[in-house]
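Encoded as structure tokens, the structure appears first; notes follow it.
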Amino acid sequence: MRIRCPSCGERDNGEFSYLGDAAPLRPDGMEASAEAMHDYVYLRDNRAGEMRELWYHGAGCRAWLVVTRDTRTHAIREVQPARDVAKARATTPAGSASHA
Amino acid sequence: MAEHATLWRPRGAWADTARPGRHGRREGPPGLIVTPREGLALASVTAVDGAEARLAEAIEARFGLSLPEPGGAHLSGEAGLVWSGPDQWLALGGARGDLDGLGAALRGAAAVADQSDGRAVLRLTGPDARRVLEKGVAVDLHPRAFGPGRTAVTAIAHIGVQIWQRDDRPTYDLAVARSFAGSLWTWLEAAAAEFGCEVRASA
Ligand SMILES: [Zn+2]
């Protein structure tokens with residue numbers, strides 16, 4: 001499998017580390033319930049199909065990426081810098097952010 | 001209690017590692033010519049979020065070069081800037097001290113950290129230089145995909161390296177974290193053996 005890094009171009013997946021589902025957002029630790037923190041830390045969906053995942057290009061540009069990948073075929077539809085995704089989320093009006 | 005006089009001396013990153021002379025295949029001209037590059041000035045430059053335009057201006061004023069786009073290396077002789085990550089560059093100077101004052105010049109626009117003793121740099125040239133590198137990197141270095149003024153941050157034998165091409169003879173500069181210089185050299189000497197390798201005195 002190869003991942004097309006937006007900065008570095010197509011690279012072997014050995015240059016990347018996998019973190020997992022990009023959907024969970026860290027709750028405010030001072031406000032969140034124990035259940036919400038437990039959900040954030042431990043519970044992950046394991047979908048057969050398209051997922052948005054966090055990958056780290058550690059042996060390249062050292063950027064975090066959000067990779068949209070089909071877990072059944074490894075087909076990659078989109079790769080975005082995680083920084084851009086986070087910035088876009090920050091400018092999205094409150095309440096419209098979705099978990100998926 | 002005995003007193004110990006300790007004499008600290010600067011030691012090149014490739015001292016006792018890159019032995020000058022002919023290595024590997026003996027017959028014919030060497031396919032790879034290696035020159036350890038000692039005494040360079042190196043610094044990492046990381047843009048402050050939102051100050052990219054100001055950084056580009058300050059770089060232009062200091063180096064007479066524009067900031068390279070991703071994958072680009074803008075060089076003028078031994079000086080220049082090599083892209084090394086999103087909003088990050090490696091600044092180069094041909095001699096120690098050449099980057100003095102860079103931090104002050106870029107204050108507020110970028111974080112600058114001296115890497116002169118942190119990275120070890122080799123210059124690789126010769127008719128088989130590309131073939132040697134291709135044995136270690138999973139990046140296409142063929143002229144259709146790479147060339148003078150291009151850089152790649154990648155890995156050789158699991159060791160993080162940065163390569164930038166200087167000219168189409170071809171000549172490449174390769175930077176590695178200094179503590180990995182010995183390991184990288186072990187790979188290079190083995191990879192170059194079949195082509196014959198001439199190691200020149202450091203410059
Ligand atoms: Zn990358």
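With a cut-off of at most 16 other beta carbons within 10 Å, and DSSP calling the residue loop, which trypsin sites (Lys or Arg not before Pro) in region B:80-162 qualify? Please list them.
B:96, B:107, B:135, B:144
Determine the shape class of region A:20-69: with a ≥ b ≥ c the square roots of the Cα gyration tensor eigenvalues, call it rounded for a/c under 1.5, and otherwise prolate if a/b is greater than b/c, oblate otherwise.
Verdict is oblate for region A:20-69.
Hey, in the protein assembly as shown, which Cys have no second cysteine's beta-carbon closer than 4.7 Å?
Here A:61, B:197 come out as lacking a disulfide-compatible partner, given the Cβ-Cβ threshold of under 4.7 Å.
Using a simple spin-label model with points 7 Å from Cα along the Cα→Cβ vector, what separation in nm is obtained for residue A:84 and residue A:1?
2.1 nm
Considering Cα pairs under 8 angstrom that are at least six residues apart, work out the relative contact order of chain B and quote it in whole percent.
Relative contact order of chain B: 32 percent.
Counting pairs of alpha carbon atoms under 8 Å apart in space and at least six apart in sequence, what relative contact order in percent does region B:129-203 give?
So the answer I get is 23 percent.
Top mean-square fluctuation among B:27, B:57, B:78, Gaussian network model of chain B, C-alpha springs under 10 Å?
B:27
Which whole-number percent of Cα pairs in chain A have a distance greater than 22 Å?
36 percent
DSSP loop (so not H, G, I, E, B), at most 10 other Cβ within 10 Å: list which chymotrypsin sites (Phe, Trp or Tyr not before Pro) in region B:1-101 pass both filters.
Listed in order of number, the matching sites are B:8.
Please report the relative contact order for chain A, taking Cα pairs under 8 Å with a sequence separation of at least 6, and give it as a percent rounded to a whole number.
Averaging sequence separation for qualifying contacts and normalising by length gives 25 percent for chain A.
What ranking do B:176, B:82 get, fewest neighbouring Cβ atoms within 10 angstrom at the top?
Ranked by crowding around the Cβ, least crowded first: B:176, B:82.
Mind sorting A:42, B:172, A:56 by how few other Cβ atoms lie within 10 Å of their own Cβ, fewest first?
A:42, A:56, B:172
Quick check on chain B: take the gyration tensor over C-alpha atoms, sort the square-rooted eigenvalues as a ≥ b ≥ c, and tell me if it's rounded (a/c under 1.5), prolate or oblate.
Oblate, since a/c reaches 1.5 and b/c is not below a/b.
Tell me, what ³J(HN,Hα) does each residue in region B:159-168 have, in order and in whole Hz, if you take phi through Karplus 6.51 cos²θ - 1.76 cosθ + 1.60 with θ = phi - 60° and put x for Gly and Pro?
Using θ = phi - 60°, the values come out as 9, x, 9, 10, 10, 9, 8, 9, 8, 9 Hz.
What is the Å³ per residue value for the convex hull set by the Cα atoms of the protein assembly as shown?
218 Å³
Taking θ as phi - 60°, what are the ³J(HN,Hα) couplings along region B:121-129 by the Karplus curve (6.51, -1.76, 1.60), each to the nearest whole Hz, with x for Gly and Pro?
Result, ordered by residue: 10, 10, 9, 10, 8, x, x, 10, 4 Hz.
Given labels modelled 7 Å from the Cα in the Cβ direction, how far is it in nm from residue B:135 to residue A:73?
Inter-label distance under the simple model: 3.9 nm.
Can you give me the long-range amide H partners of residue B:110? Hydrogens built in the peptide plane at 1.01 Å from N, cutoff under 5 Å, separation of 5 or more residues or another chain.
B:48
Rule-based calculations on the coordinates, nothing more; no lab input. Everything numeric here is computed off the predicted structure, so don't read it as measured data. Don't worry about glycine lacking a Cβ; one is built from the backbone with ideal geometry, like all the others, and counts go over all protein chains shown.
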